[in-house]
Amino acid sequence: MPKIVIDPVTRIEGHLRIEAQVENNRVVDAWSAGTMIRGLEVIVQNRDPRDVWIFVERICGVCTLVHAMASVRAVEDAVKVRIPKNANLIRNIMFCTQLIHDHVVHFYHLHALDWVDVVNALKADPKATAALAQTVSPGNPRSSAGYFKDTQDRLKALVDSGQLGIFTNGYWGHPAYKLPPEANLLAVAHYLEALTWQKDIVKIHTVFGGRNPHPNFLVGGVPCSLDPNSDDNINIERLNLVNQMIELAAAFVEQVYVPDLLAIASFYKDVTYGGGLPNYLCFGDLPTDDISNPDSYLFPRGVILNRNLSEVLECDPTDPEQIKEYIDHSWYEYSGDSPGRHPWEGETTLKYTGPKGEYQELDLNGKYSWLKAPRWRDHPMEVGPLARCVVAYAKGMPEWKDTIDLVLTKLGLPVSALFSTLGRTAARGIETKLTVHYLRRFYDELIANIQQGDIATFNPAKWDPGTWSADCKGVGICEAPRGALGHWIHIKNGKTFNYQAVVPTTWNASPRDEKGQRGAYEASLIGTPLANPDQPVEILRTIHSFDPCLACGIHLLDCEKKEITRVTVLN
């Protein structure tokens, strides 16, 4: 049987290799290999737990704050401190900002080119595109024929130059593309528009966190002071800027992103492949009270097995019987004979046994990935927007269920359609639509709190390590844009004794476990049809629907810090 190897998978964060076995133009088996290693968990050992967030936030340059948030929550859980209401609201505002920014960028700049034929947009009639835009989103002011003609002219200049720039090396003209020229032109215009929009919304992070990416955090609260009348603290001018960015975010999500998603999805309702695993996990997030109170979460917590929407199981990140990481097919080793480890007992001991130098294939019967294999009660799980939508729907959370039903009704699809590549993509839009309203809600609550005279943003009660137990453990959870994120810390005598982070892509991109069970990426590719195996856009659609994030790229240097390798990556 022929095998397709995609290495590296582009339009993602980090280094991912996919090998797929194909029979009769259909994927019959697949393997997901993370081909890079970081080791930040080892770097933070013996450091001050209050400083760990600074290091682990650098796990990624795309997930710009969720690792820091999970880290400070882990320390706060270990030392038993609750943060002020304002701090919780500000963290929620920053979280919502991150998720909205991430999902919009993913849809347009990382995933859209799997559905949109850019070159075909040159065949569009700008007047017909304007009519389509006004039908899809009547409230969007940028929908004139002239606007789309200008976009088409810019695109034509690129094509005529022979250098497509950001659109180079696409599978243009592939039979799996189904959009008419006018829809392709609409999407290309909004692709370019989103490039400008995305740099504005992150100003919210610079207001509350001092910078973006990697805004500042603080164990016990947030590192910013509130004073509407001060020139030195976050004042009314800064708060008004945040309000303006929220309005812009809401307008773009409601008038551009969601309408585009629905319009494009309407042409791909036959994309029923890519469902993959039937198991879904969420840790929950957006506490309206405190992260220690799961009942207050606006993002769902729970587990669903075998797509049984009639039963949502409890998820406890502290239970060593629930969450374990296996390394049977991962380049690590564990001391002792325990096949799986809960993160509090986890180890990051590297043991590379893979190929050296150039290679064609990995040893897929042995160890083949730098990713471990997390499991919930020994079940492989999918995490992320689809998991959150499924768990929320099964729990009957009104805002989620109503929004999901609304989207499915507009597309004329049943709930079962969610279990697909298209459904996973739609789930991102569904929760973005919800999150932009949550963003407004938290901002309004923060303003009301300040107006009542409450400006506290930090609780110093447990800042001094002398107030901590000599031996304590904590877990910090976060529903990162890509899914359930957990940071587990073990503190001894005021220092970080052990630290483990299980990120969403570790769940989704994991290799097989000790039982031979596939991870979510691997399972999702089984049964994928390929119109042209030499241009496997269908495989990319499914992998991109998870929005892989395997961490920031690593530069190769010799001991004199000279560049030794430069790699040119094609689409």
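Readers should treat all values here as calculations from the given coordinates under stated rules, not as data from a laboratory. What you see is a predicted model; the values in this text were computed from it and never measured. Cβ sites come from the backbone with ideal geometry, for glycine too, and all protein chains shown count toward neighbours.
If you take all other residues with their beta carbon under 14 Å from the beta carbon of P511, and give Lys and Arg +1 and Asp and Glu -1, the sum is -1.
Put +1 on the Cβ of every Lys and Arg and -1 on every Asp and Glu Cβ in the chain; which of M381, H544, P300 then has its Cα farthest towards the positive end of the dipole? Highest projection toward the positive end goes to H544.
Ordering of 92-103, 55-66, 236-247, 207-218 by packing is 92-103, 55-66, 207-218, 236-247, highest average first (other Cβ atoms within 10 Å, averaged per residue).
Remark: D471, D114 ranked as D471, D114, counting other beta-carbon atoms within 10 Å and listing the fewest first.
Look at the alpha carbon pairs under 8 Å that are at least 6 residues apart: their mean separation over the length of the stretch 306-357 gives a relative contact order of 31 percent.
Could you order peptides 521-527, 356-362 by the average number of other Cβ atoms within 10 Å of their residues, highest first?
By packing density, highest mean first, the sequence is 521-527, 356-362.
The shape of the stretch 449-551 comes out oblate: with a ≥ b ≥ c from the C-alpha gyration tensor, a/c is at least 1.5 while a/b does not beat b/c. Pairs of Cα atoms nearer than 8 Å and 6+ residues apart set the relative contact order; for the chain it is 26 percent. Highest mean first, the peptides 364-370, 309-315 sorted by other C-beta atoms within 10 Å per residue fall in the order 364-370, 309-315. Over the stretch 20-70, the fraction of Cα-Cα pairs per 10 Å bin, rounded to whole percents and listed from the shortest bin up, is 21, 33, 17, 17, 10, 2. Structural descriptor for the stretch 35-145: relative contact order 15 percent, calculated from alpha carbon pairs under 8 angstrom and at least 6 residues apart. Net charge in the neighbourhood of D227 (other residues with Cβ under 15 Å of its Cβ; Lys, Arg +1, Asp, Glu -1) is -3.
Taking Cβ atoms as reference points and 13 Å as the exclusive limit, the residues near A187 contribute a net charge of -4, counting Lys and Arg as +1 and Asp and Glu as -1. Helix-only arithmetic for the chain: the sum of -39500 (n - 2.57) across DSSP H runs with n ≥ 4, divided by the residue total, places the mean residue ellipticity at 222 nm at -11000 deg cm²/dmol.
Only one residue of I327, T432, P138 has its Cα farthest out toward the positive end of the dipole of the chain, where Lys and Arg carry +1 and Asp and Glu -1 on Cβ, and that residue is P138. Which one, (i) 45, 27, 20; (ii) 36, 31, 23; (iii) 72, 28, 25, gives semi-axes √(5λ) of the Cα gyration tensor in Å as derived from the coordinates shown? Computed from the coordinates, semi-axes √(5λ) of the Cα gyration tensor in Å corresponds to (ii).
Exposure proxy shown here: for F299, F167, the number of other Cβ atoms within 10 Å sets the order, fewest to most, as F167, F299.
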